[in-house]
Structures are given as structure tokens and as C-alpha cells.
1. Sort through Leu82, Leu65, Leu76 and tell me the only one that's surrounded by 11 or more Cβ atoms within 10 Å (Cβ to Cβ) and out of contact with any Gly (no Cβ under 6 Å at 6 or more places or on another chain).
2. Would you check which residues across region 60-80 are under 25 Å from Ala45 (Cβ atoms) and among the aliphatic types (A, V, I, L, M) and list them?
3. In the list Arg60, Arg64, which residue meets the criterion of being modelled with pLDDT of 80 or more and either assigned to a loop (DSSP other than H, G, I, E, B) or more than 18 Å from the chain's Cα centre (by Cα) (or both)?
4. Write out, first by first residue and then by second, each pair whose Cβ atoms fall under 6 Å of each other, whose residues are 6+ apart or on separate chains, and whose first residue, in region 28-56, is closer than 21 Å to Phe68 by Cα while the second is of a type in the set (D, E, K, R) and surrounded by 12 or more Cβ atoms within 10 Å (Cβ to Cβ).
Amino acid sequence: MSNLFLSVPYDHGGAVLANTTAPPHPAYYWHLPVLIVVISLVYSATRFEQWGAILREAIRWGFRLTAFLFTIIGVLYVVAILI
């Protein structure tokens, strides 16, 4: 039997405790700009038919989505500092 199971932290009820201090894998951050672009283009393409209008709305939507995500990051950062 491996010693792998001995290093897993348990509480008194026998449930495995999650390691909440580990940062997310960097690959999540690499995919975020691609997701913002794709979501913006698809959303805009469902509302408009001409490429000029699609791209214009996709840029606006991309800025709004990015601002929203950074706002959430800021709020979570402030909450983490206060707690």
C-alpha cells in the first residue's frame, strides 16, 4: 500500500479537507482572453448581421466583460484582506 493516502488531511468526521491555499493553475489565465473574445463575438453575432456592427458590439461587450471580471477580482481581493 502506498503512503499517498497517509498525507491527505482529514477532519474528525473522516471527510477529506480541501487545500484552499493553492492558487489556480496558470492555464486558466491563458484561456481567459480567448474566452472573452469568443463570448463577445458569439453574443454580438446573435444580435447583428453585418460584420461592422458585430465587431463594434463585440469590442464593447469585451470591454464590459473585462471590467466586470476585474471588478469581481477587486471585490474578492478586498474581502480576502478584510477577513
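The values are calculated or read from the model by the stated rules, or taken from the named source; none is laboratory data. If you're wondering where the values come from, they're calculated on a predicted model, not measured in any experiment. Please note: Cβ atoms are built from the backbone with ideal geometry, for glycine as well, and neighbour counts cover all protein chains shown.
1. Values: Leu82 fails: surrounded by 11 or more Cβ atoms within 10 Å (Cβ to Cβ); Leu76 fails: surrounded by 11 or more Cβ atoms within 10 Å (Cβ to Cβ).
From the options Leu82, Leu65, Leu76, the qualifying one is Leu65.
2. Step one: list which residues in region 60-80 are under 25 Å from Ala45 (Cβ atoms), which gives 60-70.
Those that are under 25 Å from Ala45 (Cβ atoms) and among the aliphatic types (A, V, I, L, M): Leu65, Ala67, Leu69.
3. Values: Arg64 fails: either assigned to a loop (DSSP other than H, G, I, E, B) or more than 18 Å from the chain's Cα centre (by Cα) (or both).
Going through Arg60, Arg64 in turn, the sole match is Arg60.
4. These pairs meet every condition: Ser44/Glu57.
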